[in-house]
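Asks: Encoded as structure tokens, here's the structure I'll be asking about.
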């Protein structure tokens, strides 16, 4: 009896809740850690990035306007669906990062747990970061955190799932919408995560994932006037130039570090506060 | 009788002793600067108030080294409660010398004495008092146990609220354990230098606060100095972008409080007289030299004529003139440069087809002045509806529905502040939710408090000043 020929997947971008190919028609070869061919991934272009920004902007009002409880449930649902895909994620992480099956599975578990952790933050941020202000006058005065808007995320190049989740989930938890550029050499977990997002009640356009080269797309996103913030995590040597470009529209910038952070460490609020604004409202007290 | 005539009620300036020459304040002492001194002028009279030293790169370097030394040896290691005590002292000294500060501020800036006396100086003292209490409670700011200061803070402040902006910058920096190099605005350096005397009277250790006067080049030297860890700037969006670019790629932490083009939204159910007071306070307070000024009046179409008529009546009673006069409502424009900017934008407003209105009355012969100005028939595309004028110029636009009001209010690259006038609480909260602005005043305007975070969305900058959030900008997790 002959062995079954497997059905292979076409790897595409995730923009506006749909899975388009790159408008440029470009793909690039993805190999595993030993250099063996794995797939042809879509090689996102400037135009794809701009389409993704349009989608993210369009989704912002709905996502930021949803109740924090609702956002929390939607994000928790993502973790539920990730759990069902754990084996697939583990295989991709093992192949891409050259990890043992056990270590890859541990990274997947940590990624799912990290997502759950952020899902639980949506309705606590206001209490932790906001509050009432005892002003010296007859006013009720309160401050609340609000999402910045559209955030471009250059995902880490090495940690293809735990790192990816650790930069995407905080942006979504704040109520921002995201345009993410995956690890260039290890894009498969980002594509699988796209499929998870597409099947877990996250509205189209809230998270847009592009595979390709952050060094190529990053400058367009850093300059783009309709992008409000940028996480430079995976920017590598281009980080300084991107921060300069981002200054042109005063984007909120989360800087990168020379080495990728220890993704297993408790991140605290450090990846959420850069993409939160604070609104203070004054109202008179009187009869 | 002309509208602006009235019996004078001048505040005496005898409480202020002007000096012919003012130095830089570095390492606890007044020293000369290497640059060509500049003259600071009373904008209401064109009187030269004194010559002020200009800090060069070398002077800034000297100040940063003094600040670093004070941070490492004295201020950083000091018991937090003791740091707090110095700040309490400063708060009390500001209160004790409040009248002197108020008169000097009015002389140097041109703002009405009632405002420097009742707003700027008391708020500055309040900021020090508030932050003094934080110094030994830093574990509670939300950055975990024992958060650490950044080190040396380089701070550049504007001319519209010289002492108050100093307080917003210096008080949280010191409370958190940083030391400071501060560059006041070139046209309003005098209260900062009087503040240096307060630091001496408080026996604040040398080098904890350094004040380097000068113009843009001096500010650039402060911002770009390699040994500055934290940069805080209040001023124009244009300069803010330059600073953001300059610190890119460094480890410097940056907060920016920049320009604005605030919408002041008046709904048809708002009590007209109250709203008119709020509109006037929103745009003519401090001659409109306010980043959060309510410079775009969005009035519901059905009450437009009534509101504008009442507004013009009220503006007709505003007293423009001698800032030292206690009856004055609107003082002098701070500098000829700013006056030229206002005139240019007002000229563009007329050329683009908006209707200009100004009250009757004569302006003083000497000094820099501009009449309170209202433009009607303004469209969202007009420059006067988009560009920050930073002067007493109001643009009036209309809307029909709450959605349209929100859309128009948010149709700007800025996002510092906004106002809402309505009797309906649910409407106020709904509109406040949708406005992309850092401070929303409902049925009031231009209120400030040290406990209340202030700062912008979008290109009005980032970071907050005031409250726990403002303090956090001067700390990092340990």
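We did not get these values from a lab; they are worked out from the coordinates using the rules stated. Everything numeric here is computed off the predicted structure, so don't read it as measured data. Neighbour counts are summed over all protein chains in view; Cβ atoms, including those assigned to glycine, are modelled from backbone coordinates with ideal geometry.
Asks: So, in Å, what gap is there between the alpha-carbon centers of the range B:113-182 and the range A:210-287?
Replies: 26 Å
Asks: Rounded to a whole number of µm²/s, how large is the Stokes-Einstein D of the range B:202-353 at 25 °C and 0.890 mPa s, given Rh as the Kirkwood radius over C-alpha pairs?
Replies: Details: Rh = 19.0 Å.
D, rounded to a whole number, is 129 µm²/s.
Asks: How many partner chain Cβ atoms sit within 10 Å of a residue's Cβ in peptide B:131-143, on average, as a whole number? Walk me through the numbers on the way to the answer.
Replies: On the way: counts 0, 0, 0, 0, 0, 0, 0, 0, 0, 0, 0, 5, 3.
The mean count of partner-chain Cβ atoms within 10 Å per residue comes to 1.
Asks: Right, here's the next one. Using 0.36 nm per residue of separation minus the Cα-Cα distance, give me the extension gain between residue A:61 and residue A:213 in nm, one decimal.
Replies: Numbers: separation 152, 0.36 × 152 = 54.72 nm, distance 2.88 nm.
Extra length available between residue A:61 and residue A:213 comes to 51.8 nm.
Asks: Under the Kirkwood approximation applied to all pairs of distinct alpha-carbon atoms, what is the hydrodynamic radius of the range B:378-478 in Å?
Replies: On the way: mean 1/r = 0.0661 Å⁻¹.
Taking every pair of different Cα atoms in the range B:378-478, averaging 1/r and inverting gives 15.1 Å.
Asks: Averaged over peptide B:163-169, how many Cβ atoms belonging to another chain are found within 10 Å of each residue's Cβ? All intermediate terms of the calculation are to be shown ahead of the outcome.
Replies: Numbers: counts 0, 0, 0, 0, 0, 0, 0.
Taking all residues of B:163-169 together, the mean is 0.
Asks: Could you tell me the calculated FRET efficiency between residue B:427 and residue A:68, based on Cβ-Cβ distance and R0 = 22 angstrom, to the nearest 0.05? Don't jump to the answer; show the numbers that get you there.
Replies: Working: r = 22 Å, r/R0 = 1.01.
Calculated transfer efficiency: 0.50.
Asks: Next question, about the same structure. Give the calculated FRET efficiency between residue A:198 and residue B:99 to the nearest 0.05, with a Förster radius of 56 Å applied to their Cβ-Cβ distance.
Replies: Working: r = 67 Å, r/R0 = 1.20.
E between residue A:198 and residue B:99, to the nearest 0.05, is 0.25.
Asks: Any idea what angle helix B:272-284 forms with the longest principal axis of chain B, computed on alpha-carbon atoms, 0 to 90 degrees, nearest 10?
Replies: 50 degrees
Asks: May I ask for the equivalent-ellipsoid semi-axes of the range B:44-182, computed as the square root of five times each C-alpha gyration tensor eigenvalue and listed largest first in whole Å?
Replies: Details: eigenvalues 166, 80, 26 Å².
In descending order the semi-axes read 29, 20, 11 Å.
Asks: Label-point separation (nm) for residue B:355 and residue A:33, each offset 7 Å from Cα along Cα-to-Cβ?
Replies: Spacing of the two 7 Å Cα→Cβ label points: 7.5 nm.
Asks: Which of A:31, B:187 comes first, and how do the rest follow, when ranked by fewest Cβ neighbours within 10 Å? Mind showing how you got there, number by number?
Replies: Working: A:31 14, B:187 23.
If I rank by nearby Cβ atoms, fewest first, I get A:31, B:187.
Asks: What is the fewest-to-most order of A:240, A:82 by other Cβ atoms lying within 10 Å of their Cβ? Walk me through the numbers before you get to the answer.
Replies: Details: A:240 15, A:82 23.
Least to most surrounded, the residues fall as A:240, A:82.
Asks: Now, a different point. To the nearest 10 degrees, how steep is helix A:68-84 against the longest Cα principal axis of chain A, on a 0 to 90 scale?
Replies: 20 degrees
Asks: Ranked highest first by the average count of other Cβ atoms within 10 Å around their residues, in what order do B:261-269, A:101-109, B:102-110, B:115-123 fall? Mind dumping the intermediate values first?
Replies: Working: B:261-269: 24.7, A:101-109: 17.4, B:102-110: 28.1, B:115-123: 21.7.
Packing order, densest peptide first, comes out as B:102-110, B:261-269, B:115-123, A:101-109.
Asks: What is the Cα radius of gyration of the range B:263-442 over 2.2 N^0.38 Å, N being its residue count? Don't skip to the end; give the middle numbers.
Replies: Details: Rg = 15.6 Å, N = 180, 2.2 N^0.38 = 15.8 Å.
Here the Cα radius of gyration is 0.99 times the empirical estimate.
Asks: Another question, if that's okay. Among B:93, B:190, rank each residue by its count of other Cβ atoms within 10 Å, from fewest to most, as a rough exposure measure.
Replies: Working: B:93 20, B:190 25.
The most exposed by this proxy come first: B:93, B:190.
Asks: What is the distance in Å between the Cα centroid of the range B:232-279 and that of the range B:293-343?
Replies: Between the Cα centres of the range B:232-279 and the range B:293-343 lies a distance of 19 Å.
Asks: Follow-up. Over 48 Å apart: what share of the alpha carbon pairs of the protein assembly as shown falls there, rounded to a whole percent? It would help to have the intermediate numbers written out before the result.
Replies: Values: 63994 of 292230 pairs.
Roughly 22 percent, rounded to a whole number.
Asks: Could you work out the helix-only [θ] at 222 nm for the protein assembly as shown, with each DSSP H run of four or more residues adding -39,500 (n - 2.57) and the total divided by the number of residues, to the nearest 500 deg cm²/dmol? Numbers along the way, then the final one.
Replies: Values: 24 runs with 289 residues, N = 765.
Taking each H run of at least 4 residues, the total per residue is -11500 deg cm²/dmol.
Asks: While we're on this one: Mind pulling the per residue volume of the convex hull built on the Cα atoms of the range A:132-218? Å³ is fine.
Replies: Values: hull volume 11.1 nm³, N = 87.
Convex hull of Cα atoms, per residue: 127 Å³.
Asks: Something else: One quarter of the convex hull surface, Cα atoms only: what value does that give for the range A:179-272 in nm²? Kindly include the intermediate steps, with their values, before the conclusion.
Replies: Values: hull surface 27.1 nm².
Dividing the Cα hull surface by four gives the mean projection, 6.8 nm².
Asks: Could you check which residue among A:129, A:162, A:154 shows the biggest mean-square fluctuation in a GNM of chain A with a 10 Å Cα cutoff?
Replies: A:129
Asks: When you look at the Cβ of every residue in B:237-247, what mean number of other chain Cβ atoms sits within 10 Å?
Replies: Details: counts 1, 0, 0, 2, 5, 1, 1, 9, 6, 2, 3.
Other-chain Cβ atoms within 10 Å of each residue's Cβ, averaged: 3.
Asks: Ok, one more. Taking chain A as a Gaussian network, Cα atoms linked when under 10 Å apart, which of A:156, A:20, A:219 shows the biggest mean-square fluctuation?
Replies: Maximum among the listed residues: A:20.
Asks: Let me ask something else. Under 18 Å from a point placed 7 Å out from the Cα of residue B:18 along the Cα-to-Cβ direction: which residues of the range B:24-40 have their backbone N that close?
Replies: Under 18 Å, as judged by backbone N against the label point of residue B:18, lie B:37-40 of the range B:24-40.
Asks: Would you work out the Kirkwood radius for chain A? I mean one over the mean of 1/r across all pairs of different Cα atoms, in Å.
Replies: On the way: mean 1/r = 0.0516 Å⁻¹.
Hydrodynamic radius (Kirkwood, Cα only) of chain A equals 19.4 Å.
Asks: Let me ask you something else. Say each of residue B:477 and residue B:236 gets a label point 7 Å from the Cα, pointing the same way as Cα to Cβ; how far apart are those two points in nm?
Replies: Going from the residue B:477 label point to the residue B:236 one covers 3.9 nm.
Asks: How large is log10 of I(q)/I(0) for chain B at q = 0.06, 0.10, 0.11, 0.12 Å⁻¹ when the intensity is taken from the Debye formula with one equal scatterer per alpha-carbon?
Replies: For chain B, the Cα-only Debye profile gives -0.26, -0.72, -0.87, -1.03.
Asks: Distance from the Cα centre of the range B:437-478 to that of the range B:41-108, in angstrom?
Replies: After rounding, the separation between the Cα centres reads 23 Å.
Asks: Using square roots of five times the C-alpha gyration tensor eigenvalues, list the equivalent-ellipsoid semi-axes of the range B:10-94 in whole Å, biggest first. Provide the component values of the computation, followed by the final result.
Replies: Working: eigenvalues 185, 94, 13 Å².
For the range B:10-94, the semi-axes come out at 30, 22, 8 Å.
Asks: Place a point 7 Å from Cα of residue A:258 in the direction of its Cβ. Which residues in the range A:217-239 have their backbone N less than 18 Å from it?
Replies: It comes to A:233-239, nothing else.
Asks: Normalise the Cα radius of gyration of the range A:113-178 by 2.2 N^0.38 Å (N = residues in it) and let me know the number. All intermediate terms of the calculation are to be shown ahead of the outcome.
Replies: Numbers: Rg = 15.8 Å, N = 66, 2.2 N^0.38 = 10.8 Å.
Dividing the Cα Rg of the range A:113-178 by 2.2 N^0.38 Å gives 1.46.
Asks: What is the calculated FRET efficiency for residue A:270 to residue B:274, with r their C-beta to C-beta distance and R₀ = 45 Å, to the nearest 0.05?
Replies: Values: r = 44 Å, r/R0 = 0.97.
Efficiency at R0 = 45 Å is approximately 0.55.
Asks: Find the eigenvalues of the gyration tensor of the Cα atoms of the range A:1-106, then list the square roots of 5 times those eigenvalues as equivalent ellipsoid semi-axes, largest first, in whole angstrom. Before the final figure, lay out the partial values.
Replies: On the way: eigenvalues 179, 100, 35 Å².
Over the Cα atoms of the range A:1-106, the ellipsoid semi-axes are 30, 22, 13 Å.
Asks: Something else about it: Pop a pseudo-label 7 angstrom from the Cα along the beta-carbon direction at both residue B:250 and residue A:100 and give the gap in nm to one decimal.
Replies: With each label placed 7 Å out from Cα toward Cβ, I get 4.7 nm.
Asks: Let me ask you something else. State, as an integer percentage, the relative contact order of chain B based on alpha-carbon contacts under 8 Å between residues 6 or more apart.
Replies: Once normalised by length, the contact order is 19 percent.
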